[in-house]
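Working notes, beginning with the structure itself.
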Amino acid sequence: MAAGERMFGFCTATVPIGRDGGGDVLVVDLRDGERRGCVMEWLAEEGYVATDWAGTGAMLADVADRLEDPAQTAIGEYGMLEWA
């Protein structure tokens, strides 16, 4: 399977970079393919799911943009950032 494609199970060609309170994980997909380096979600029940982020740079730029607009974010339980 190529980078960015949905798959079930765990793949050693992904690098975890973040986790949410529910146990879902953001990963960088290092499988071969056109989308190599993209950010995906890994959900224990559903496997890997694509995001719109082509890489960590795009993800961090999106986070920075959202932080500048208080209507797009909120501080939730335990001080965690929540997307609106």
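The values are calculated or read from the model by the stated rules, or taken from the named source; none is laboratory data. Only a predicted model underlies this, so the values are computations on that prediction, with no experimental measurement involved. Note: ideal-geometry Cβ built from the backbone for every residue, glycine included; neighbour counts use all protein chains shown.
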Check your understanding: If a residue has to be touching a strand residue (DSSP E or B) at 6+ places or on another chain (Cβ under 9 Å) and closer than 22 Å to Gly57 by Cβ to count, how many in the stretch 12-47 make the cut?
Key -> 24
Check your understanding: For the subset of the stretch 1-25 comprising residues that are assigned to a strand (DSSP E or B) and out of contact with any Pro (no Cβ under 7 Å at 6 or more places or on another chain), which member is farthest from Glu77 (Cα to Cα)?
Key -> Met7
Review point. For Val63, which of the numbered conditions (1) modelled with pLDDT of 90 or more; (2) surrounded by 10 or more Cβ atoms within 10 Å (Cβ to Cβ); (3) hydrophobic (A, V, I, L, M, F, W, C) fails to hold?
Key: (1)
Check your understanding: Is it the case that some residue within the stretch 41-52 is modelled with pLDDT of 90 or more and of a type in the set (Val, Ile, Thr)?
Key -> yes
